[in-house]
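Right, one structure below, let's go through it.
The values are calculated or read from the model by the stated rules, or taken from the named source; none is laboratory data. As the structure is a prediction and not an experimental result, all values here were calculated from the model. Note that each Cβ is placed from the backbone with ideal geometry, even for glycine, and that neighbours are counted across all protein chains shown.
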Amino acid sequence: MNDGILRGIRVIDVCSGIAGSAAALQLSEAGAEVLKVELPAGNLQRGEPLFAVLNRGKLSVTLDLDKPDSLDSLLAGADVLIHEFTPAKAASLGLDDATLGQGFPRLVVSAIGGWPQRHELANELSRETLVLARLGLLDEQPGHRAGPVFVRMPYANWLACWLCVVGVMARLIARDRDGRGGPAHTSLAQAALVPMTMHWTRAETPTPVFAKGLDKHIPIPLHRCSDGRWVHVHYSPDKAPWMAAAFAQLGAAEVARLNGLWPPSHVAPNFGANRAVFATRTAQDWVEHLWANDVAGQIAAPFGAIYFDEQAKLNGYVVAVDDPLLGRTLQPGPSYCVEPPAHVRGPLRAPGADNHCLADRVPVATVRQEPPVDPQLPPLHGLKVLDLGAYLAGPFACMMLADLGAEVIKVEAPTGDAMRRLERTFSGTQRGKRGVALKLGDPQTLPLVEALVQWADVVHHNMRLPAARKLKVDYSSLKALNPSLLYCHVSAYGPHGPRADWPGFDQLMQASCGWETAQGGEGNPPQWLRFGVGDFFAGLSSLYALLLGLYQRNRSGEGQMVSSSLLGATLLTMSEAVALDDGSISEVDVLDSEQTGVSAEHRLYRCLDGWIAVAAFEPAEIENFHVTVGATPTAYFTARTQAQALADLQAANVPADIVREAQLDPFLDDPAHAAAGLHAHYPHAVYGNLQQIGGFWDFGDLPLSLNRAPPSLGQHSREVLNALGFTDEQLQPLADAGLLKL
């Protein structure tokens, strides 16, 4: 029996890539009925672990999509269609927005292309490496050598998965309001740009700190231990007793000398000395010592080792699935918590096993408010959100709620969110919010906090729960004030198990899930993926959980606590590998030691004047590539300019593109990006005109809300609190006492 939140919702999945297939999986495991559409000729990906994971539990039907109206019988009874076709291909199949809107007005459609629907590149082939190359993001990742490097994790596909399901849920919620469906599109390019909100922004009057940003060459605290393994520590380990004792023994002069061997690091002021001390003990000894002293750290593990981690299993982030081809496996499970809970719906089904579903698809009735409101409002217009988070994952999720039209109030201490010291990074997760600066947990500010909670529909944060309880902003405390409240929490390691309340950061999840080892390249030290993907995976997965909770509340009238975690969201990205019954991990592509790629046909090549990326996947593309470049591809490219090589490859129908470098300003100056909605502009209280990365969805007739700059500290305290009934005479004493910034 299916009692998931999305019970009664029917989804048609016409996808072959990670993004769309993974999005449909999320909807399936939240209770939707998902029909996977496959071609009658079969799918070469069947039998691979990734296909088995992303399509488990879905019904399977086979259809020839090139036949006119082939999908009509399914779409007539469907609520959601997810596809990865370009606009031109979709139009040729009768799946363009206009045709679908006329024939199936209640259908929610999410197309995940390589580029936004309104971009001049919208009809280009959707290959992640080529999108990253063209945007210049391969140049944003540091490597063990100079120049752009290949990014091993397909992070844009995974972020696009979450953008897709968030967009679908927002559109379903808007459908309850408006009585009709419509587009909820996103793209690999928009997904790839999600982490760049931290970096790609410009200000008319920047402060020195804002102008500096974060250099990609800042040393990352990944330290080699005496047993050859590496430990990633986040923030300074200097107060850990072993480190403090070692510093005392070394003496201040030697500590300074060791630090001088490395560039300064904003996360580790004694980076060089830390590196020398970590080399004196084993990795396991170090992490146990760090954990015992509340210092966040993880061993950079082999890819797949996390499947046997106790914490991952206790939270359901690892599940056992009996696959018909692979046997008994351990796979990534649902990465968030809601009620009713998400759950695995079963293993991969045989192709065409559910062709009987091609008939009798009857639409399902949905809630509709009367009278319907103006359909030109953003999807989440009217939703009130209280953002109590800090750093990245929590604030980013709330920024996305603001983009979708919610009214968001950010509450931070009068001294400011800890991330404010990294001004450009901070600004990249705060637009669309009004800012209130007050001290939580003080009896004198309690009436203000209570009023904010009673105002809100949603409270969202990523502080550790013991801290939330101490500050009296835990779920039980706030539910007493607002029984219908939706309370969303992002943790590091999940809500259950011995590490439930431990500190954790994106870097540590990349380490524990094996991505740092994978990104390092064969035989090299591990390397952090600079894009901070774990924070964004967790933030977007929490947003999906929150919208599921909102969808449920709109039907039951009851609030609930929902949650996600860095560990769960990052572990999901390991779906390309599973643990087999003999304890081994299925094979995955390995990045070469030069960090250029995983095969001759999918890698970066150095030309006379820069780099070019090749992403040839289909048999004909691979054959054409080798015919074009001959027996020694490296020699072919080193003898040609980028333009010459690209012209040859394009003439042979080999997918390739130039790897662009230093693209912050070119991206923000590009009129094609602006026309596609990838730029946002607004006046800022400190920085003057602020330009940032724009929207992450295209809802067609429903606008996004991209018109409010990130708040300066306490910018809206008086405005917000006055509106809640507090007078200036009540607020000024709190400001004088340092409990409130007006």
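Tabulated data
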| item | result |
| --- | --- |
| Of residues in the range 595-615 being part of a loop (DSSP other than H, G, I, E, B) and free of Cβ contacts under 8 Å to residues at least 40 places away in the same chain, the one surrounded by the most Cβ atoms within 10 Å (Cβ to Cβ) | Glu601 |
| Filter result for Ala273 (surrounded by 13 or more Cβ atoms within 10 Å (Cβ to Cβ) and either out of contact with any His (no Cβ under 9 Å at 6 or more places or on another chain) or modelled with pLDDT of 95 or more (or both)) | yes |
| Candidate set: the range 403-432, residues that are in contact with a Pro (Cβ under 6 Å, 6 or more places away or on another chain) and not in a helix (DSSP H, G or I); chosen: the one nearest to Asn689 (Cα to Cα) | Arg431 |
| Condition met for Leu486 (farther than 20 Å from Val295 by Cβ, crowded, with 20+ Cβ neighbours inside 10 Å and either more than 20 Å from the chain's Cα centre (by Cα) or modelled with pLDDT under 95 (or both)) | yes |
| Inter-residue pairs, beta-carbon under 7 Å, first outside the structural domain of Pro655 (by TED's automatic domain parsing) and in a loop (DSSP other than H, G, I, E, B) and in the range 122-146, second modelled with pLDDT of 95 or more and of a type in the set (Asp, Glu), 6+ apart | Ser126/Glu84; Gly136/Glu661; Arg145/Glu594 |
| Single match in Gln444, Gln454, Gln430 (criterion: surrounded by fewer than 17 Cβ atoms within 10 Å (Cβ to Cβ), out of contact with any Gly (no Cβ under 9 Å at 6 or more places or on another chain) and touching a residue at least 60 places away in the same chain (Cβ under 8 Å)) | Gln444 |
| Filter pass, Thr638 being polar (S, T, N, Q), more than 30 Å from Thr197 (Cβ to Cβ) and touching a Cys at 6+ places or on another chain (Cβ under 8 Å) | yes |
| Qualifying residue in the range 215-223 (condition: β-branched (Val, Ile, Thr) and either touching a residue at least 40 places away in the same chain (Cβ under 8 Å) or under 28 Å from Arg420 (Cα atoms) (or both)) | yes |
| Verdict on Leu646 being at pLDDT 95 or above and either touching a Leu at 6+ places or on another chain (Cβ under 7 Å) or more than 30 Å from Leu404 (Cβ to Cβ) (or both) | yes |
| Selection count, the range 98-133, where residues are farther than 20 Å from Ser16 by Cα and in contact with a helix residue (DSSP H, G or I) (Cβ under 8 Å, 6 or more places away or on another chain) | 10 |
| Matching entry among Ala174, Ala160 (being more than 17 Å from the chain's Cα centre (by Cα) and either within 30 Å of Ala98 (Cα to Cα) or part of a helix (DSSP H, G or I) (or both)) | Ala174 |
| Residues satisfying the stated conditions in the range 561-616, i.e. among the acidic types (Asp, Glu) and closer than 20 Å to Met153 by Cα | Glu576, Glu587, Asp589, Asp592, Glu594, Glu601 |
| Residue list for the range 573-583, filter: under 15 Å from Ala518 (Cβ atoms) and either of a type outside the set (D, E, K, R) or not in a loop (DSSP other than H, G, I, E, B) (or both) | Thr573, Met574, Ser575, Ala577 |
| Restricting the range 662-676 to residues that are exposed (fewer than 15 other Cβ atoms within 10 Å of the Cβ) and in contact (Cβ under 8 Å) with a residue 24 or more places away in the chain, the residue that is nearest to Lys216 (Cα to Cα) | Ala662 |
| Residue among Leu690, Leu724, Leu706, Leu731 that is in contact with an Asp or Glu (Cβ under 7 Å, 6 or more places away or on another chain) and not small (Gly, Ala, Ser) | Leu706 |
| Single unsatisfied condition, Ala211 versus (1) more than 24 Å from the chain's Cα centre (by Cα); (2) closer than 21 Å to Gln519 by Cα | (2) |
| Residue in the range 464-484 that is under 26 Å from Asn707 (Cα atoms) and in contact (Cβ under 8 Å) with a residue 12 or more places away in the chain present | no |
| Flag if Asp66 is of a type in the set (D, E, K, R) and either in contact with a strand residue (DSSP E or B) (Cβ under 6 Å, 6 or more places away or on another chain) or over 19 Å from Asn355 (Cβ atoms) (or both) | no |
| Residues satisfying the stated conditions in the range 177-210, i.e. β-branched (Val, Ile, Thr) and either in a helix (DSSP H, G or I) or within 21 Å of Leu678 (Cβ to Cβ) (or both) | Thr186, Val194, Thr197, Thr201, Val209 |
| Residues that are in a loop (DSSP other than H, G, I, E, B), touching a Lys or Arg at 6+ places or on another chain (Cβ under 9 Å) and at pLDDT below 95, drawn from the range 36-78 | Ala76, Gly77 |
| Matching residues, the range 322-341, being crowded, with 17+ Cβ neighbours inside 10 Å and assigned to a strand (DSSP E or B) | Asp323, Thr329, Leu330, Gln331, Pro332, Tyr336, Cys337 |
| Subset of the range 616-651 (residues that are within 27 Å of Asn43 (Cβ to Cβ), of a type in the set (A, V, I, L, M, F, W, C) and crowded, with 16+ Cβ neighbours inside 10 Å) | Ala616, Ile622, Phe625, Leu649 |
| Single match in Pro195, Pro221 (criterion: touching a strand residue (DSSP E or B) at 6+ places or on another chain (Cβ under 9 Å) and either of a type outside the set (Gly, Ala, Ser) or closer than 30 Å to Gly136 by Cα (or both)) | Pro221 |
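Every residue, every condition in (1) at negative phi; (2) aromatic (Phe, Trp, Tyr); (3) in contact with a helix residue (DSSP H, G or I) (Cβ under 6 Å, 6 or more places away or on another chain); (4) modelled with pLDDT under 95, yes or no:
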site: Ala652; (1), (2), (3), (4): yes, no, yes, no
site: Asp665; (1), (2), (3), (4): yes, no, no, no
site: Leu668; (1), (2), (3), (4): yes, no, no, no
site: Ala672; (1), (2), (3), (4): yes, no, no, no
site: Ala676; (1), (2), (3), (4): yes, no, no, no
site: Val686; (1), (2), (3), (4): yes, no, no, no
site: Gln692; (1), (2), (3), (4): yes, no, no, no
site: Phe699; (1), (2), (3), (4): yes, yes, no, no
